[in-house]
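Peer 1: For reference, the structure I am asking about is given below.
The values are calculated or read from the model by the stated rules, or taken from the named source; none is laboratory data. From a predicted model like this one, the values you see are computed outputs, not experimental measurements. Cβ sites come from the backbone with ideal geometry, for glycine too, and all protein chains shown count toward neighbours. For accessibility, only protein heavy atoms count, side chains too; no ligands or nucleic acids. Shrake-Rupley method; radii C 1.70, N 1.55, O 1.52, S 1.80 Å.
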Amino acid sequence: MWKRDWKERSDNELVAACLTGETTAWEALILRYQRLIFHIPLRMGFGQADAEDIFQNVSLKLCLHLSELRDTERLAGWIAQVARQEGLRLLRRKPTTGLEDAEAFADERLPEADLLAAEQAHLVRQALERLPEKCQKLLGLLYAEEAAPYADVSRQLGIPVGSIGPQRARCLERLKKKWEELEA
């Protein structure tokens, strides 16, 4: 059951299922937050290997402390803070990084604006995942870092160039509704 509809489950539902031993719910929770967990160490300047180590540590801490979380609606913020703390630990242990650098990061809290932006980006990704596949593909092509020209979008999706704009508008409206549902 969880494999099929994990995208539709709230954090509260996933956490509750994890606490009852549902392994697919745990997989879903990790999949939901993997981008957020990786974002923090990469933003701190770590490479892929270090970000993967931090990911493992954050996942372990999440597993160990899942039953202690009081407000699962703020799970993204908790995860971001743990990822930052794990990054600071790694900075302190790295011989190539001076302790001053780690202390500068330790003294600086993750700016509220950055945390909010990370949470909002996570919600948008969740909302996007809940759209029909055709909308996901269309918006992915149109809003990628290098947006595809309409002719390429038309060819890849098999839709007329003239209908791309109206379909984009409908998909964006659906995305907005899904995002608002997640925020509620």
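Peer 1: Among the listed residues ALA113, ALA148, ALA118, ALA184, which satisfies the condition of being within 20 Å of GLY77 (Cα to Cα), at pLDDT below 90 and either of a type in the set (Lys, Arg) or open to solvent by less than 40 Å² (accessible area, probe 1.4 Å) (or both)? Lay out the reasoning, then the answer.
Peer 2: Values: ALA113 fails: either of a type in the set (Lys, Arg) or open to solvent by less than 40 Å² (accessible area, probe 1.4 Å) (or both); ALA148 fails: within 20 Å of GLY77 (Cα to Cα); ALA184 fails: either of a type in the set (Lys, Arg) or open to solvent by less than 40 Å² (accessible area, probe 1.4 Å) (or both).
The match here is ALA118.
Peer 1: Does ARG93 satisfy the criteria of being basic (Lys, Arg) and modelled with pLDDT of 85 or more?
Peer 2: Here the answer is no, as ARG93 does not meet what is asked.
Peer 1: Looking only at the range 121-145, which residues are part of a loop (DSSP other than H, G, I, E, B) and either at pLDDT below 90 or among the aliphatic types (A, V, I, L, M) (or both)? Break it down into steps so the answer makes sense when it comes.
Peer 2: So in the range 121-145, the residues part of a loop (DSSP other than H, G, I, E, B) come out as 130-132, 143-145.
If the condition is that a residue be part of a loop (DSSP other than H, G, I, E, B) and either at pLDDT below 90 or among the aliphatic types (A, V, I, L, M) (or both), then ARG130, LEU131, TYR143, ALA144, GLU145 are the ones that fit.
Peer 1: Quick one: which of PHE55, PHE46, PHE38 is touching a helix residue (DSSP H, G or I) at 6+ places or on another chain (Cβ under 8 Å), farther than 23 Å from GLU181 by Cα and not in a helix (DSSP H, G or I)? First the steps, then the outcome.
Peer 2: Values: PHE55 fails: not in a helix (DSSP H, G or I); PHE38 fails: not in a helix (DSSP H, G or I).
Testing whether each residue is touching a helix residue (DSSP H, G or I) at 6+ places or on another chain (Cβ under 8 Å), farther than 23 Å from GLU181 by Cα and not in a helix (DSSP H, G or I) leaves just PHE46.
Peer 1: In this structure, is GLN56 surrounded by fewer than 18 Cβ atoms within 10 Å (Cβ to Cβ) and either of a type in the set (Ser, Thr, Tyr) or modelled with pLDDT of 90 or more (or both)? Full working, then the answer.
Peer 2: Details: surrounded by fewer than 18 Cβ atoms within 10 Å (Cβ to Cβ): yes; either of a type in the set (Ser, Thr, Tyr) or modelled with pLDDT of 90 or more (or both): yes.
In short, yes.
Peer 1: Considering LEU157, LEU139, LEU172, which residue is out of contact with any strand residue (DSSP E or B) (no Cβ under 6 Å at 6 or more places or on another chain), closer than 22 Å to ALA76 by Cβ and aliphatic (A, V, I, L, M)?
Peer 2: Working: LEU157 fails: closer than 22 Å to ALA76 by Cβ; LEU172 fails: closer than 22 Å to ALA76 by Cβ.
On inspection, the qualifying residue turns out to be LEU139.
Peer 1: Return the pairs, sorted by first residue and then second, in which the second residue is in a loop (DSSP other than H, G, I, E, B) and at pLDDT below 85, the first residue lies in the range 70-85 and is more than 18 Å from LEU123 (Cα to Cα), the beta carbons are less than 7 Å apart, and the residues are 6+ apart or on different chains.
Peer 2: Between residues of the range 70-85 that are more than 18 Å from LEU123 (Cα to Cα) and residues that are in a loop (DSSP other than H, G, I, E, B) and at pLDDT below 85, the close pairs are ARG84/LEU110.
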